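Below you'll find the structure, written out as structure tokens, and then a few comments.
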Amino acid sequence: MATKESFDEFNPEVITGAAIPPAPKHKTAGDYFALALATCGVGYFPIAPGTMGSLVGVALYLTLWAGSSRVLEANALLKRLTLLQVWTPQVTFMLVVIFLVTMAGIWAATRAERLFRKEDPSEVVVDEVAGQMIALLSGPFWLHTWWSILTAFILFRAFDIWKPYPIRKLEDLPTGLGIMADDIAAGAYALIVNSILISAFLLLFPASG
């Protein structure tokens, strides 16, 4: 029997019967790249690596959002684009980035399991990065909803720790797919709840818009 160490620092270890292929005797360049991608530079933190991974997700999302905003808004002035014509490709861009992070994360997490010789190693935090980015899709971050960044972070961490149905079941999926899937679901839960909070705020306080 193999011991599965949950990526989340607040969850206890659980036992699974899945077998892990033996680690290679010598690491290749691909192995080091997979570890770098899977750990995102913060996975080796001794305290709260999952939370650190979420913070990386916030930083990456906001950096890409700000960069794409500058590019699209510059074109909007030249071509007289509407807000909808700016915001739609921007959200599409973020969705493509999240998809690429998720696909790369599945590959990297699968390889990392073999290299660490344990299932769902705590050092792997690329799943938190992808899940947190999904949660942040809930708002365009206008000035009056700046707090939506904080609530997206809190809600994602809460759902990632609580793991309501079917999130915990998704952990049973094999290899890197299981590592990524439960965080993707937690991000979707946070996205929905945060969107409701933002919508309620804008409806109750229309003057803020």
Quiz prompt | Nearest-0.05 FRET efficiency for Leu100 and Phe205, computed from C-beta distance (R0 35 Å) | solution = 0.45
Quiz item: At 222 nm, what helix-only mean residue ellipticity would the chain give, in deg cm²/dmol to the nearest 500, using -39500 (n - 2.57) for each DSSP H run of four or more?
Solution: -22500 deg cm²/dmol
Quiz item: Relative contact order, percent, of segment 149-209 when contacts are C-alpha pairs under 8 Å separated by at least 6 residues?
Solution: 36 percent
Quiz item: What accessible surface, in Å², does a 1.4 Å probe find on Thr51, ignoring ligands, DNA and RNA and rounding to the nearest 10?
Solution: 40 Å²
Quiz item: Which of the listed residues, Ala130, Val86, Ile196, is farthest toward the dipole's positive end in the chain, when Lys, Arg count +1 and Asp, Glu count -1 at the beta-carbon?
Solution: Val86
Quiz item: Thr63: accessible area at probe 1.4 Å, nearest 10 Å²?
Solution: 90 Å²
Quiz item: Extension gain Ala48-Arg117, at 0.36 nm per residue separation less the Cα-Cα distance, in nm?
Solution: 22.8 nm
Self-check item: Most positive-pole-ward Cα, Leu62, Ile47, Leu155, against dipole of segment 42-158 from beta carbon charges
Solution: Leu62
Quiz item: To the nearest 20 debye, what is the magnitude of the charge dipole of the chain about its Cα centre, counting +1 on the Cβ of each Lys and Arg and -1 on the Cβ of each Asp and Glu?
Solution: 540 debye
Self-check item: Length gained when the stretch Leu143-Ala74 is fully extended (0.36 nm per residue, less Cα-Cα span)
Solution: 22.9 nm
Practice problem: Determine, for the chain, the count of lysine pairs separated by eight or more sequence positions (or lying on different chains) whose alpha-carbon distance falls under 28 Å. | Solution: 9
Self-check item: Within the chain, longest stretch clear of exposed trypsin sites (Lys or Arg not before Pro) (DSSP loop, no more than 13 other Cβ within 10 Å)
Solution: 118-209
Quiz item: Taking the simple approach of a point 7 Å from Cα along Cα-to-Cβ for both Tyr165 and Tyr32, what is their distance in nm?
Solution: 4.8 nm
Quiz item: Could you give the distance between the Cα centres of segment 101-155 and segment 21-87, to the whole Å?
Solution: 9 Å
Quiz item: To the nearest 10 square angstrom, how much accessible area does His26 have with a 1.4 angstrom probe?
Solution: 150 Å²
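The values are calculated or read from the model by the stated rules, or taken from the named source; none is laboratory data. Keep in mind it's a predicted model, so treat the numbers as computed, not measured. All Cβ positions, even for glycine, are placed from backbone atoms using ideal geometry, and neighbour counts span all protein chains on display. Ligands, DNA and RNA are stripped out before the accessible areas are found, and what is left, the full protein with its side chains, is counted by its heavy atoms. Shrake-Rupley method; radii C 1.70, N 1.55, O 1.52, S 1.80 Å.
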